[in-house]
Every structure is written in C-alpha cells, then in structure tokens.
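The values are calculated or read from the model by the stated rules, or taken from the named source; none is laboratory data. These figures come from a predicted structure and were not determined experimentally. Counting neighbours? That spans all protein chains shown, and the Cβs are built from the backbone with ideal geometry, glycine included.
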C-alpha cells in the first residue's frame, strides 16, 4: 500500500512528467529517423550507433568551441556520416541491412571509446561548461501555469525542436508530394521507378535524415542532459527508439506515443528516492516495457512492403 | 491557328504515316546469353501490334529497352520518326510511351488516385498533394475513355481486372500515345479479357498505338493488326494478322511444326479411383477455401477443374494430396480412406501430384536432377539400402532413364535443378510423378510458364497416362488447356463446384460459371 501511495505521489508531480516528456522527446528523434529511413525501404537499426557518435562529437565540439549550436551541427554531421555509410552499404552495395546496421552500432562504440581515451589521455573528456550546454527555455507567461507550465514550457530547447519536427514530418510524410513518393519507394520501388521517381536519391536522403536526427538526439543527451561524455552513454536508447518505431507502426505520432511510454518508464526509474523499491528494479522498467510492447501489445504491425529489400532496376 | 497545327501533321489519307516506333539493330547481351540480337521492330501509328515468342525469346528485354529500364548494347530507337535517346522511364514517358507491366506496378496500400498520379502529382501551396484536383483529373480521364473507377478506393481491395484498369489509367494520365501491354490477359477471367479488348479497341479509335505482348495465339488473332515473332533473341518475322493463322505463328515461335490440338480418343472411364465426399478445407490461415465438395474421379478420364484462381482449387488439391488436413469430409483412393493420412501414405495408396508451385513444392532447386527424381521414393528399397543409405548408382541410372524418356534437356543428371529452364524443370516433375504409374494423378497448373513445345509434350503425356488407366484431376487457369484435355469440366466458384460440364461447353458459359453466374445446374449426363 505504501508503494501505491508513493507511486501516486510521483505520478501527480510536475517533476515526473517534465522528465518523462524530456526523455520521450529525446527518444522521438531517433525513432523519427527510423520511421523516415524504413518508410523509404531501408531497414535501419543503426540509430544507436549514430546517436552515440553524435553524443561524442557534440562534447568534443562543445569543449573546443564553447558554443552549443556549433556542437549540434558537428553532432548532426557525425550522425549523418555514419548514416551515409549505412546508406552506401545498403543502397549502393545492396548488402544485408541488419548486418550493416549492427556493424555501425559496434563500430560506433569502438570509435567513440577509443577517441575518448585518446583525446583525454585516458582520463575521460571533461564536463561541458555552461557556455557549451544546450539551454533550457522557459516560455514567458506560459511557464507559470501550474503543473502544465512545468511539464510543457520549462524544457530544453531540443524538446521543442523534437515536437516540431514530429509535426513537420507527419505533414510531409502524409500530405505532400515528397512524402507520397518516399512511401511509394518504400512500398514498391519498381512502381516508383517506372513512374519516373528517383528511388536511390530518396532512399539516400531518408537514411541521411535518420543520421542527422539521431546525431541531434546524441547532442541533446550529451550536452543538454548529461553535460559530459561517458563511454557507451546511449546505453540502448537507439534500440528503444527502434522498438518505438515498430510499436508506432512506422508513423511519427505513433512512434512518439511509444516514446512517451518509454519516457514514463525512464522517469519512473529516476524516482528511486521517492518510490521505495530497489533502484535496479525501476531501472529495468523501460526495457521490460520495450519487451512487452514488442512481444504482445503491438499486434499486427506491418512494415513498409519493400523495407529491407535492396532495389535493382530492371529486375533480376 | 489550330487548323494550321493539324495540317502540319502528316496524316494525309493514302500518304505514308510515319511509324510510331522504329527499333533498329537492337542488341542486348548478358554474360552467356544474347537476349536481343540485331532486332528490328517497326510499329505503325494506330495499330495493335502483337509481340509473341516463347519464354526467353527476348520480348520483355526489347520492351524494357524501349521503356528505358534497360540500356541496349547497340542499336537505335526512333519515335514518330525522331531519334530518341531513352536512358530511363522518365525519357520514355516524356516521349509518350507508357507501359502496363505484367506484374502490376501498383502500391496496394495507396488509393487508386495516388497510384495513378504517382510521379506527376498535382500539388497546391508548394508541395501539398492536391486530392480534389486528382479526383477531378481522374474523373475526366475516366469519362474520356470509358474507364470508370473510384479514385478513393484502396487499390489492394480491387479485383485484378480493375487493378489493370488503374494501370491503364496511370499510363493514359501520363499522356501516353503508345501503350505497351506486357502479358495483360494472364491474370484475367474470360469476361475481363473481353472487357479489356473492348477498351483497347476504343483506345485505338482514339488514336493510340498499342504493343501487345502475349503468348496466347488466339488473342493475337483476335485483337492485333500485325504480329512480330521473336525466337531466341531474333526477329523471325512480322506478318499481318489477317494473312496468318495459329499454326503459322506457332511454327515461327518454336521453329518447327507444333501440334496445337491435343489428339485423343474418347475416354473409356472405369471404376471410381478417387472419391471425395462433403469435403471442407480451410486455408493455412484458417479461412474457408473448399466448401462441401463431393466428386468422383474415374480411372481413364481427365476431370478438368476450371475457375478463377483463389476459388479453392489450390486447397482442394492440397487436401487430396495429403498436404492440408480437411476440416470435414472424406477422401477415398480406390476403397482406402486416406482422409487422415499424410502425403507419404497417400502416395503409397497410388496418388501422384504435380504441384502448382514448381519451384517451391515440386523441386529442391539446389539438389541435382537425380536427387529430385526420387523424392517420395527415397525410402524405397530400389533407391536406399534398408531405407537408410542411398544407392547412388541406381539413382543415377534411374534419373538417366527418366531424362531420356521425358526428353529433359540437361547436361547431366547431376546438374542442379536450378540450372534448367522452366519447361525442363517441369518435365523433371512430370517424369517423377508419372514414372510410378499412379492410379490417381493430380496435375495442378502443369504447363504454367512453360513453352509451347514443352506444353505439347506434357499434354501428350497426360493423355497417355489417361489411356493407361490413370484417373487425372487437372487444375488449370488456362481455359484452353482445360477444354482441350478434359473429358469433364468442373467449375469451382467460391469453394464450391458450381457445375460439371461436358468438354465442348461454350467458353462464354464457362466464363459465366467461373464468376458466379449461370445457375448451378449440373450435368450428370456429362459423366
């Protein structure tokens, strides 16, 4: 009973929901990247690696430039570069996209751990000072609304960016010519090609977008939340985003809803001080949620028809 | 102004109208194969030009070159007398060429409208898809050509005939004057084919030019003005349809005389070899497929099963072969009840099965021909010591005998099945299934995707089996095949046998029965 009342106390607190939305919006970026990539027909499990690469380079850039926006650009370029490798392997060489994504995830851990040791002489990179951190924006007036103000209007700037990107992506994907073509390429590339649509260009574009978004998420994590780089600091968030993408049936809003479920899980895990259960149990919650969601709750979730199938013009 | 423009067009009566398309000295080779060898093709404006040839004759390669999907190694293309460099479908579309592919280039989850306009979408406010404009344009197009369709329907929900209509509209929407149709009737019912031909005639009246790829000779004679025959990558000749006949075209395609009609004596039916009572079968997904079917199949007869694909034929055969467990009903082979037995025991009872899925269920493609010829008999003493150790020497000897008897064109019995052409793969299956002198033979789509020469051969063997006393159940999507081979014809519709007809039943009646019309009176006299 004590636990239930503690839980209730957590669930009505503004701190809790503020944290849940922050983590949900963080996860939504790579999840959205996955949606775009897979809607174009390229399976992408490499968000984890692209995010980690982005996190590392954002810290390096923030430490040298003392400017979070430069750091964000560098992080996005780093994530984009990893994505370009995945795109090249998947589209140009028509290799197995799961293997390619997996290789990128492993390579990203190796690369960032090595460079972290190398650049800091094995001490680990320093903490990012406030001049290099992504700012929290309190929206004037609105941030004073009780509860809602704290949850929605006292957030890191990237939270607002993430929500805006979700809305834009949803509009582009389902209401514009570009979105129609992107989905066509992911469903039936031959049909798109014979209609005069450039299959490769759209696929490259979508995969690179997934890298830019994952890199942005990495920057948010490293210089917006943690303010330091730790080896393998993404700790599976890219995979959770992957699960959110599937749970959300390859739609931006669906993926966001799933990300919020995981965000709530994250926030619960952070509430160890209030809820009297072992810390490790709470930290397990997001991952158990991922398993449960993938195994049971999803039901029939059909990926784009050509997802993961390389395209060869003219058949054979 | 407009009259002047018209006068520019060289369409003077009696004068030589320029050709819509001239393909000159086209060559396309892949390692080991020359798909097109110095091919010349000339298409007149406003004609329906049939392009025929066996599998691998180079028809599709030639059309893919014209449509820009493939680049020729050599040769040139003229469109309306102008040299055209076509390096992609986009170039072909710009020059007024449209292609209706054999496998529809439609996205099932998109609406009809989205599929039609894809690649040339009307937009508003920048890049926003303009649905009302799409609807307006499609409605106008539908009215102009009499091709009515709901632009907001989900494409995947439409029957095949309507999906093809979407494909044709797609091509017209892009302003095509020259339409290439690749095997357009392969998936259609006779009624749908009839409708399609009416549409094509209307398009030609409206000034369009049509290239019609097919292997069905009857359709060539019915719809085309000119016929070009390809064989092994070369043009054998172009003839006026009026001046030719089925036999001549078949001879040009195959390079020798082909017997199109199956020679067979009247059946001498004996005792019932296969009895089915109130059989109900579900698909593997649990949907009802065969509903309360009863039939008797007699020794020495061929019972053809006609029907639009997906009306329970596949599941009926799978149940009879012991591959799918029926929900209810009984199956007897002779007087043995095999309802509960699996494929292995059903075979022992004397049943052989030529499956519809040649590559999936009929052969293991990476295994040798010899290994493929003993499937189902791998435990027999003749091929395995104590049913355990294979007797390779005997197996190879057996395979060599079948290869000879069934005229399988292969370098050796150790060649993997994958390396053979479709026709020769099918001959391996036919050889295996007929070699055991079965009491009951289930032949499912026995000549699908097989060349005319091999079709002739397989048909003759099926009749030989009948005359040797086998009871044969022939399932085929080709009505001509059903009509020429069968002694009785059962029509399946929605899992039931709608009627049993004599072999000389008019095609129109079959077509009607296949689509649920024509009443359900049976003709017991036909048995």
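Being touching a helix residue (DSSP H, G or I) at 6+ places or on another chain (Cβ under 7 Å), crowded, with 16+ Cβ neighbours inside 10 Å, within 14 Å of residue A:196 (Cα to Cα) and assigned by TED's automatic domain parsing to the domain that holds residue B:78, is that true of even one residue in region B:153-165?
Looking for residues that are touching a helix residue (DSSP H, G or I) at 6+ places or on another chain (Cβ under 7 Å), crowded, with 16+ Cβ neighbours inside 10 Å, within 14 Å of residue A:196 (Cα to Cα) and assigned by TED's automatic domain parsing to the domain that holds residue B:78, one finds none in region B:153-165, hence no.
Within region B:70-83, track down each residue that is in a strand (DSSP E or B) and touching a strand residue (DSSP E or B) at 6+ places or on another chain (Cβ under 9 Å). Full working, then the answer.
Narrowing region B:70-83 to residues in a strand (DSSP E or B): B:74-79, B:82-83.
Correct list: B:74, B:75, B:76, B:77, B:78, B:79, B:83.
Could you tell me which numbered condition residue A:221 fails, if it satisfies all but one of (1) within 23 Å of residue A:14 (Cα to Cα); (2) surrounded by fewer than 24 Cβ atoms within 10 Å (Cβ to Cβ)?
Residue A:221 satisfies every listed condition except (2).
Please verify whether region A:161-174 includes one or more residues that are more than 14 Å from chain B (Cβ to nearest Cβ), surrounded by fewer than 15 Cβ atoms within 10 Å (Cβ to Cβ) and either touching a residue at least 60 places away in the same chain (Cβ under 8 Å) or part of a helix (DSSP H, G or I) (or both).
Yes: one or more hits.
All but one of (1) part of a loop (DSSP other than H, G, I, E, B); (2) under 14 Å from the mean Cα position of the chain (by Cα); (3) crowded, with 24+ Cβ neighbours inside 10 Å hold for residue A:235; state the number of the condition that does not hold.
Result: residue A:235 fails condition (3) only.
Count, please, the residues in region A:175-205 that happen to be outside any helix (DSSP H, G or I) and at the interface with chain B (Cβ under 8 Å from one of its Cβ atoms). Talk me through it step by step, then tell me what you get.
Of all residues in region A:175-205, those outside any helix (DSSP H, G or I) come to A:176, A:188, A:195-198.
Those left that are additionally at the interface with chain B (Cβ under 8 Å from one of its Cβ atoms): A:176, A:188, A:195-197.
Within region A:175-205, residues that are outside any helix (DSSP H, G or I) and at the interface with chain B (Cβ under 8 Å from one of its Cβ atoms) number 5.
State all residues of region B:211-224 that are touching a helix residue (DSSP H, G or I) at 6+ places or on another chain (Cβ under 6 Å) and within 21 Å of residue B:19 (Cβ to Cβ); if no residue qualifies, say none.
If the condition is that a residue be touching a helix residue (DSSP H, G or I) at 6+ places or on another chain (Cβ under 6 Å) and within 21 Å of residue B:19 (Cβ to Cβ), then B:213, B:223, B:224 are the ones that fit.
Is it the case that some residue within region B:320-330 is surrounded by 17 or more Cβ atoms within 10 Å (Cβ to Cβ) and over 28 Å from the mean Cα position of the chain (by Cα)?
The initial filter retains those residues of region B:320-330 that are surrounded by 17 or more Cβ atoms within 10 Å (Cβ to Cβ), namely B:320-322, B:324, B:326, B:329.
Add one more test, that the residue is over 28 Å from the mean Cα position of the chain (by Cα), and what stays is B:326, B:329.
Scanning region B:320-330, I find at least one residue that is surrounded by 17 or more Cβ atoms within 10 Å (Cβ to Cβ) and over 28 Å from the mean Cα position of the chain (by Cα), so the answer is yes.
Could you look through region A:126-148, keep only residues that are assigned to a loop (DSSP other than H, G, I, E, B) and closer than 19 Å to residue A:70 by Cα, and pick out the one that is modelled with the lowest pLDDT?
Applying the filter and picking the extreme gives A:126.
Just one of (1) closer than 17 Å to residue B:515 by Cβ; (2) over 13 Å from the mean Cα position of the chain (by Cα); (3) crowded, with 20+ Cβ neighbours inside 10 Å trips up residue B:211, so point out which.
Result: residue B:211 fails condition (1) only.
Looking at residue A:155 and the list (1) more than 24 Å from residue A:75 (Cβ to Cβ); (2) more than 14 Å from every other protein chain (Cβ to nearest Cβ), which single condition is not satisfied?
So the condition that residue A:155 fails would be (1).
Among the candidates A:33, A:14, which residue alone is surrounded by fewer than 24 Cβ atoms within 10 Å (Cβ to Cβ) and either closer than 24 Å to residue A:137 by Cβ or touching a strand residue (DSSP E or B) at 6+ places or on another chain (Cβ under 9 Å) (or both)? Write out each step before concluding.
On the way: A:33 fails: surrounded by fewer than 24 Cβ atoms within 10 Å (Cβ to Cβ).
The conditions single out A:14.
Just one of (1) assigned to a helix (DSSP H, G or I); (2) in contact with a strand residue (DSSP E or B) (Cβ under 9 Å, 6 or more places away or on another chain); (3) surrounded by fewer than 24 Cβ atoms within 10 Å (Cβ to Cβ) trips up residue A:155, so point out which.
So residue A:155 meets the others, but not (1).
I'm told residue A:41 meets every condition in (1) outside any helix (DSSP H, G or I); (2) more than 30 Å from residue A:90 (Cα to Cα) except one. Can you identify the failing condition by its number?
(2)
Just the residues that are surrounded by fewer than 24 Cβ atoms within 10 Å (Cβ to Cβ) and under 19 Å from residue B:176 (Cα atoms), please, taken from region B:68-78. Talk me through it step by step, then tell me what you get.
Filtering region B:68-78 down to residues surrounded by fewer than 24 Cβ atoms within 10 Å (Cβ to Cβ) leaves B:69-78.
Once the filter is applied, which keeps residues that are surrounded by fewer than 24 Cβ atoms within 10 Å (Cβ to Cβ) and under 19 Å from residue B:176 (Cα atoms), region B:68-78 yields B:69, B:77, B:78.
Within region A:72-96, work out how many residues are within 28 Å of residue A:227 (Cβ to Cβ) and either more than 17 Å from the chain's Cα centre (by Cα) or modelled with pLDDT under 95 (or both).
From region A:72-96, those within 28 Å of residue A:227 (Cβ to Cβ) are A:72-83; that's our starting set.
Subset that is either more than 17 Å from the chain's Cα centre (by Cα) or modelled with pLDDT under 95 (or both): none.
So the count comes out to 0.
Name the single residue, out of those in region B:18-52 being part of a loop (DSSP other than H, G, I, E, B) and surrounded by 14 or more Cβ atoms within 10 Å (Cβ to Cβ), that is modelled with the lowest pLDDT. Walk me through it before giving the result.
Going residue by residue through region B:18-52, those that are part of a loop (DSSP other than H, G, I, E, B) are B:18, B:31-32, B:45-47.
Adding the requirement that they be surrounded by 14 or more Cβ atoms within 10 Å (Cβ to Cβ) leaves B:18, B:45-47.
Values: B:18: 79, B:45: 93, B:46: 93, B:47: 95.
Across region B:18-52, the extreme among qualifying residues is B:18.
Kindly state which helices (runs of 4 or more DSSP H) lie completely within region B:387-471 and contain at least 1 residues that are within 19 Å of residue B:301 (Cα to Cα).
Details: elements: B:392-405, B:422-435, B:452-467.
Per the criteria, B:422-435, B:452-467.
What about residue B:381, is it assigned to a loop (DSSP other than H, G, I, E, B) and either in contact with a strand residue (DSSP E or B) (Cβ under 7 Å, 6 or more places away or on another chain) or within 28 Å of residue B:332 (Cα to Cα) (or both)? Lay out the reasoning, then the answer.
On the way: assigned to a loop (DSSP other than H, G, I, E, B): yes; either in contact with a strand residue (DSSP E or B) (Cβ under 7 Å, 6 or more places away or on another chain) or within 28 Å of residue B:332 (Cα to Cα) (or both): yes.
Answer is yes for this residue.
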